[in-house]
Amino acid sequence: MKRGIVVLCLCAVALAAYYTTDRWAIRHTMMTFHDVLREDRNVTVDVAVRRDREMQAMAEMVELPVAILSHGNTVKNTEYSFLTNLFASRGYLVISVQHDLDTDAPMVTRVGEEYVGRRMQYNRGDFNIMYAIEELKKIYPNADYRHLTLIGHSNGGDISMYFARQHPDMVKKVVTLDNLRVPFITDGKIKILSFRSRDPVFKAEPGVVPDDEICAKAGIKVVRTEFQHNELSDRGPDNVKSSIEAKVQQFLDENDGPPPSPVPLLVAAAPNPANATEAGKK
């Protein structure tokens, strides 16, 4: 009798895990690497992954899609949990890169120069992403680093778009939250979703966001919101984050299909009631 109750409890837990993929199932790990080619520059990443998908990848059952998130200026790489958890819950290996260090010189804006003088920061972001990928290949070899999804807010959105321009064969999708400097890719080969704020201070440079006709031809989705530029992170109100999550989910459904279901590991391990009955008769 007691054994039957234990089995029922295990099945109930397994079924709960099967039908709910909540944030408790996502593991976050902070890692810091040292790039010797750049004077041992620290490259810190927060890695988020769904535990069951991580186990499947370790067993070489699946290859994890990879998403790389780049933060905005003065915002930390850990301040986009609503997005990292969303992508991780869909089975992605999510790598949130800390691009800016306290020892870095402050960014400046030089009007009239390409990317208003921020090419140095974009190149540094490019190097950070490539270095993080090479290091994480050693830890998560069963992940798809050939078809990346890039996510970025503000300056991080520009880093994402710049990286996609430099390495178009490595990038499958780009999601930006109000990037202001680097023009969109419009050849239609990379799927793009971009959220635009309605902010009197933060305005995109001319030519960054294509017009409606070009967006339609290239398959670019532009979501014009009523939100403020600085609300597009964990610092923003819940309604802003919920609205962004819903649009991102729709975008991923259209391009990836539905997310994978959790694996009911405990159900697979539980005794078969029919076999147990037969065993009792012998």
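The values are calculated or read from the model by the stated rules, or taken from the named source; none is laboratory data. Just so it is clear, the model here is predicted, and its values are computed rather than measured. Neighbour counts run over all protein chains shown; Cβ positions are idealised from the backbone, glycine included.
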Margin query: Among the residues of the range 72-81, what is the count of those that are touching a residue at least 40 places away in the same chain (Cβ under 8 Å) and closer than 16 Å to Gln121 by Cβ?
Written below: 3
Notebook entry, point to check: Pairs under 6 Å by beta carbon, first residue assigned to a loop (DSSP other than H, G, I, E, B) in the range 82-111, partner β-branched (Val, Ile, Thr), six or more apart or different chains?
Noted result: Thr109/Val116; Arg110/Val116
Check: If Ile185 satisfies every condition in (1) on the phi > 0 side of the Ramachandran plot; (2) touching a strand residue (DSSP E or B) at 6+ places or on another chain (Cβ under 9 Å) but one, which is the exception?
Finding: (1)
Checklist line | Checklist (1) under 18 Å from Ala88 (Cα atoms); (2) over 19 Å from the mean Cα position of the chain (by Cα) applied to Arg198, failing item | finding: (1)
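Okay, residues lined up against (1) out of contact with any Ser or Thr (no Cβ under 6 Å at 6 or more places or on another chain); (2) among the hydroxyl-bearing types (Ser, Thr, Tyr); (3) under 20 Å from Ala164 (Cβ atoms); (4) crowded, with 17+ Cβ neighbours inside 10 Å:
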{"site": "Thr186", "(1), (2), (3), (4)": "yes, yes, yes, no"}
{"site": "Ser194", "(1), (2), (3), (4)": "no, yes, yes, yes"}
{"site": "Asp234", "(1), (2), (3), (4)": "no, no, no, no"}
{"site": "Asn239", "(1), (2), (3), (4)": "yes, no, no, no"}
Margin query: Can you find a residue that is among the basic types (Lys, Arg), closer than 25 Å to Arg146 by Cα, outside any strand (DSSP E or B) and within 14 Å of the chain's Cα centre (by Cα) anywhere in the range 51-58?
Written below: no
Checklist line | Qualifying positions in the range 111-168 - in contact with a helix residue (DSSP H, G or I) (Cβ under 7 Å, 6 or more places away or on another chain), closer than 16 Å to Val97 by Cα and of a type in the set (D, E, K, R) | finding: Asp126, Asp158
Next item on the list: List the strands (runs of 3 or more DSSP E) that sit entirely inside the range 122-210 and contain at least 3 residues that are under 27 Å from His34 (Cβ atoms) and not hydrophobic (A, V, I, L, M, F, W, C).
Entry: 143-153
Check: Would you say Tyr131 is touching a Lys or Arg at 6+ places or on another chain (Cβ under 9 Å), surrounded by fewer than 22 Cβ atoms within 10 Å (Cβ to Cβ) and at pLDDT 95 or above?
Finding: yes
Next item on the list: Return only the number of the condition from (1) in contact (Cβ under 8 Å) with a residue 12 or more places away in the chain; (2) closer than 21 Å to Lys203 by Cα; (3) surrounded by fewer than 23 Cβ atoms within 10 Å (Cβ to Cβ) that Ser160 does not satisfy.
Entry: (3)
Item checked: Candidate set: the range 224-267, residues that are assigned to a helix (DSSP H, G or I) and modelled with pLDDT under 95; chosen: the one nearest to the chain's Cα centre (by Cα) -> Leu265
Margin query: Filter the range 211-223 down to the residues that are assigned to a helix (DSSP H, G or I) and not basic (Lys, Arg) and list them by number.
Written below: Asp212, Glu213, Ile214, Cys215, Ala216, Ala218
Margin query: Kindly evaluate Asp169 against the criterion of being more than 19 Å from Gln249 (Cβ to Cβ) and surrounded by fewer than 24 Cβ atoms within 10 Å (Cβ to Cβ).
Written below: yes
Notebook entry, point to check: In the list Asn77, Asn85, which residue meets the criterion of being surrounded by fewer than 24 Cβ atoms within 10 Å (Cβ to Cβ), over 14 Å from Tyr140 (Cβ atoms), in contact with a helix residue (DSSP H, G or I) (Cβ under 7 Å, 6 or more places away or on another chain) and of a type outside the set (A, V, I, L, M)?
Noted result: Asn85
Check: If a residue has to be surrounded by fewer than 19 Cβ atoms within 10 Å (Cβ to Cβ) and among the hydroxyl-bearing types (Ser, Thr, Tyr) to count, how many in the range 88-128 make the cut?
Finding: 2
